[in-house]
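Encoded as structure tokens, the structure appears first; notes follow it.
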Amino acid sequence: MELEDEVLKRSYGICPAQLDGITEDGRPFYFRSRGSWSLRVGKPGWIPNVCAWPTFGIVIGYGDYEIEDPDTIDELVEEYLGPWRHVTWEETLFDQECLHCKTVFRSDASNICMDCLVKKVLRLE
Ligand SMILES: [Zn+2]
């Protein structure tokens, strides 16, 4: 096995294991497992990043057990949604308005801009 494959296969994390992706027909999905697992799907055109979704989407799969093995997660997603692919980090970026200073910036999750985050860490505010 190539190192690159190994890194990809270990990228879903544990507690929780999470995966954002997109189906062949453009629907974003979000898999999450912590104690139980769930698979949610959004609408075509939504950014493939659950933090950017306007609603929770639709739960199309659920189990009351934990799944962390990436191969098993990949197969499960395919079983529920058909062909799909991973998304790049760039594809997960969306406009956020900073909670503190109201500046609009691109981010994959945070709603505090880097300027305010640095000030907070350095306790300047
Ligand atoms: Zn800010």
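The values are calculated or read from the model by the stated rules, or taken from the named source; none is laboratory data. Owing to the predicted nature of the structure, the values given are computational and were not obtained by experimental measurement. Using ideal geometry, Cβ is built from the backbone for each residue, glycine included, and neighbour counts are taken over all protein chains shown.
Mind checking which residues of the stretch 56-92 are loosely packed, with under 12 Cβ neighbours inside 10 Å and within 14 Å of the chain's Cα centre (by Cα)?
Once the filter is applied, which keeps residues that are loosely packed, with under 12 Cβ neighbours inside 10 Å and within 14 Å of the chain's Cα centre (by Cα), the stretch 56-92 yields Phe56, Arg85, Thr88, Trp89, Glu90.
Within the stretch 52-81, can you find the residues that are of a type outside the set (D, E, K, R), in contact with a Phe, Trp or Tyr (Cβ under 8 Å, 6 or more places away or on another chain) and in contact (Cβ under 8 Å) with a residue 40 or more places away in the chain? Before the answer, list the steps.
Pass one, the stretch 52-81, residues of a type outside the set (D, E, K, R): 52-63, 65, 67, 70, 72-73, 76-77, 80-81.
Cutting the leftovers down to in contact with a Phe, Trp or Tyr (Cβ under 8 Å, 6 or more places away or on another chain) gives us 52-54, 57, 60-63, 65, 67, 70, 73, 76-77, 81.
The answer is Ala52, Ile67, Pro70, Ile73, Leu76, Val77, Leu81.
Condition first: modelled with pLDDT of 95 or more and at positive phi. Can you find one or more residues in the stretch 59-75 that meet it?
No.
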